[in-house]
Amino acid sequence: MMAYSHTLDDVRLTPLQAHYSRDSHDSHDSTSRASNSMMQQPQQPRRKRSPTCPDATCTRAHYAHPITNSTTLESASKPLLTSHSSLSSSPSRLQSRFHRSLASPIDCSDVAAADPERTAELWKSVMSYIADTESSRGKRRGTPSVAESQQQTPTTSASSSSRAKKGLTAKVNDPDFELSVLEPYGITIRAKSSTKNFYKHFGFSGLPEDRIERFNTYKNMLQLSVLLKPDTERKERIQREYRAMNEYRCNEAEYSAYALHNIFLDEPRYPALLTTGDERWLPVRMLQLVQKPSENEWEKPPLLELPEKQYEWDVRPDCAYYASLQAFPPIIRPSVEKYVSVVQERAFSPYLTIEFKKNNETAITAQNQVAVASAIALYNRWRLKREALQITNDGNWSEEQKLQIRHYGITFTGSKWELWFSIPKTYDNWTGCTMFSMRRGQCSMLDSVGLLLSSINDLHYWGLMVHAKSCKVDIDTIIKGNAGRQDSITCTGDGQVKNASEDTIRSKEKSRIHYIS
């Protein structure tokens, strides 16, 4: 009796246990009645217990032992019940089990204490599983679920672009950049192609096939500092530098700094170019120039299918060559930006893009950068040509005009280089473009250095004498077309001039036509 009393001081009976103890009072012997009477004694106030037993032997009931999970502690303190009728039919069995548990103290000295860090990890796992479900991911990122996106069909490139803005933002170093960005814009890369004869590729008629002789011809015609003579002395000097940078494992900045100082040169700058200076065909080198779409007649290519990621077209090439506004008379230069994109008030329409990377591990990133830079430059050149053709011959393209729509690129990874060119897939309508590999080489090899220098000379000649000249002709065609449209609407129905300011505008437009030869 004393042992039971001492144990009950530490145990608080649940109301359900007390209920069945009272029901068994009239149907059992005096021993059961005595036990039942003790269970009906006033309950002691509940005291807080430490998470572990302080003594080697714990005299609390098994359902009151502390365990590592608080939820299990709550459930373990209550006996399992299948139904009220089943338990009421055999209260003696429940009481006998209860008495055995009180009479048999359990040693809990080896029970581990609760681990807060482990509990936090479990909760983190549970919450991460919930957060990664399709519905919660759609709510968190603002994108529709898979089921919703399958029910929605994009009708225009604008709707596709607005839907992509709600998703992830793509970067050129993403492993899936080609799938998530290039393909939706119709940009295809042909890395296994090759151009065997550069002379035939550029279509240079009347120019020497020998590299040194061709350089001399370019130099006499254009008088440019960017042209490099591919002689033995220059080739050996460049080869030695690249071998040293490879041996010393120089970083990307060292490779690009040497190339920009010795291979990809620039012409002298002249102040007040918009109002002064003779008409000349000059290249303009731009370093890491940011040229965003929808700024000054610079548009990104249209989407051809729903993209998986959004791409901002924030193109920033390491180096790019443009045509100089000095090709136009000073009176015309401020107005060129009405028809093409003009950067820094001195250059328009890029024709060559260069990207530098340290090694082959980032070669794909450089390839992606050149692909998007070439695509946006090629698309805007195509837009200018299409507008001019719609004025002259209802948009029909000749073979010569198709050869004018190109963009070139060079990727450098350490001492290795690769030359690319991009052309539209179709010309009547824009359906994307394809970037082809022309040739690969290494600046640690003498012959490869000579091929690179000669190719750069050819690119500058094509960029000025083919690309820039055709842009100038197209701008002249558009100016003439605008002047003709203004002539057709100068009078109202009563034969009077509609607005005196229109005469002024028309006379200014006509005065701009004389400069094209």
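The values are calculated or read from the model by the stated rules, or taken from the named source; none is laboratory data. What you see is a predicted model, and the numbers here were worked out from it, not measured in a lab. Positions of Cβ are generated from backbone atoms using ideal geometry, with glycine treated the same way; all protein chains shown enter the neighbour counts. Each accessible area value is taken on the protein alone, full model and side chains, heavy atoms only, with ligands, DNA and RNA left out. Shrake-Rupley method; radii C 1.70, N 1.55, O 1.52, S 1.80 Å.
Checked against (1) among the small types (Gly, Ala, Ser); (2) assigned to a helix (DSSP H, G or I); (3) surrounded by 22 or more Cβ atoms within 10 Å (Cβ to Cβ), Ser448 passes all but condition (3). Every test in (1) free of Cβ contacts under 8 Å to residues at least 24 places away in the same chain; (2) outside any loop (DSSP other than H, G, I, E, B) is passed by Ser256 save one, and that test is (1). Against the list (1) at pLDDT below 95; (2) assigned to a loop (DSSP other than H, G, I, E, B), the condition Tyr199 fails is (2).
Before we move on, is Ser455 open to solvent by 10 Å² or more (accessible area, probe 1.4 Å) and either closer than 19 Å to Ser194 by Cβ or touching a residue at least 12 places away in the same chain (Cβ under 8 Å) (or both)? Taking the combined requirement at face value, the residue does not satisfy it.
Of the set (1) of a type outside the set (A, V, I, L, M, F, W, C); (2) closer than 21 Å to Trp462 by Cβ; (3) open to solvent by 20 Å² or more (accessible area, probe 1.4 Å), all apply to Ser324 but (3).
Taking Met465, is it assigned to a strand (DSSP E or B) and touching a residue at least 60 places away in the same chain (Cβ under 8 Å)? The answer is no for Met465.
Does any residue of the range 278-292 turn out to be assigned to a loop (DSSP other than H, G, I, E, B), open to solvent by 40 Å² or more (accessible area, probe 1.4 Å) and touching a Cys at 6+ places or on another chain (Cβ under 7 Å)?
Start the filter on the range 278-292 by keeping residues that are assigned to a loop (DSSP other than H, G, I, E, B), which leaves 278-282, 287-292.
Then drop every residue that is not open to solvent by 40 Å² or more (accessible area, probe 1.4 Å), which leaves 278-281, 287-288, 290, 292.
Right, trim to touching a Cys at 6+ places or on another chain (Cβ under 7 Å) and you get 287.
Yes, the range 278-292 contains a residue that is assigned to a loop (DSSP other than H, G, I, E, B), open to solvent by 40 Å² or more (accessible area, probe 1.4 Å) and touching a Cys at 6+ places or on another chain (Cβ under 7 Å).
Tell me, yes or no, whether the range 328-338 has at least one residue that is among the aliphatic types (A, V, I, L, M) and at pLDDT 95 or above. Walk me through how you get there before you give the answer.
Step one: list which residues in the range 328-338 are among the aliphatic types (A, V, I, L, M), which gives 331-332, 336.
When the remaining residues are screened for being at pLDDT 95 or above, the result is none.
The answer is no; no qualifying residue exists.
Do any residues in the range 273-284 that are closer than 16 Å to His467 by Cα have Cβ atoms under 7 Å from those of residues that are part of a loop (DSSP other than H, G, I, E, B) and open to solvent by 40 Å² or more (accessible area, probe 1.4 Å), where the two are at least six apart or on different chains, and which pairs are they? The qualifying pairs are Val284/Arg346. Residues that are buried (at least 18 other Cβ atoms within 10 Å of the Cβ) and part of a helix (DSSP H, G or I) within the range 226-240 comprise Lys235, Ile238, Gln239, listed in sequence order. Residue count for the range 299-314, restricted to those that are touching a strand residue (DSSP E or B) at 6+ places or on another chain (Cβ under 9 Å) and buried (at least 16 other Cβ atoms within 10 Å of the Cβ): 4.
Apart from one condition, Leu304 fits all of (1) under 22 Å from Asp174 (Cα atoms); (2) in a strand (DSSP E or B); the exception is (2). The listed residues are Thr411, Thr426, and the only one of them that is open to solvent by less than 60 Å² (accessible area, probe 1.4 Å) and not in a strand (DSSP E or B) turns out to be Thr426. Please specify each residue of the range 256-313 satisfying the condition of being under 16 Å from Ser225 (Cβ atoms) and among the β-branched types (Val, Ile, Thr). Scanning the range 256-313 gives Ile263, Val284. Look at Gln223 and say whether it is open to solvent by 60 Å² or more (accessible area, probe 1.4 Å), over 17 Å from Ser444 (Cα atoms) and modelled with pLDDT of 95 or more. In short, no. Considering Arg506, Arg439, Arg485, the condition of being open to solvent by 10 Å² or more (accessible area, probe 1.4 Å), closer than 26 Å to Arg237 by Cβ and modelled with pLDDT under 95 is satisfied by Arg439 alone.
Among Asn368, Asn396, Asn380, which is assigned to a loop (DSSP other than H, G, I, E, B) and polar (S, T, N, Q)? Unique residue meeting the criteria: Asn396. On the basis of being over 30 Å from Tyr248 (Cβ atoms), open to solvent by 10 Å² or more (accessible area, probe 1.4 Å) and in contact (Cβ under 8 Å) with a residue 24 or more places away in the chain, does Lys358 make the cut? Judged against the criteria, Lys358 is not a match.
Can you find a residue in the range 326-337 that is small (Gly, Ala, Ser) and either touching a Phe, Trp or Tyr at 6+ places or on another chain (Cβ under 7 Å) or closer than 19 Å to Cys433 by Cα (or both)?
Let us first name the residues in the range 326-337 that are small (Gly, Ala, Ser), namely 327, 335.
With either touching a Phe, Trp or Tyr at 6+ places or on another chain (Cβ under 7 Å) or closer than 19 Å to Cys433 by Cα (or both) added as a condition, the list becomes 327.
Checking the range 326-337: at least one residue is small (Gly, Ala, Ser) and either touching a Phe, Trp or Tyr at 6+ places or on another chain (Cβ under 7 Å) or closer than 19 Å to Cys433 by Cα (or both).
Counting only residues that are open to solvent by 20 Å² or more (accessible area, probe 1.4 Å) and not β-branched (Val, Ile, Thr), which one in the range 364-379 is farthest from Ile354 (Cα to Cα)? Checked the range 364-379; the qualifying residue farthest from Ile354 (Cα to Cα) is Tyr379. Scanning the range 259-277 for residues that are part of a loop (DSSP other than H, G, I, E, B) and out of contact with any helix residue (DSSP H, G or I) (no Cβ under 8 Å at 6 or more places or on another chain) gives Leu265, Asp266, Glu267, Pro268, Arg269, Pro271, Ala272, Thr276.
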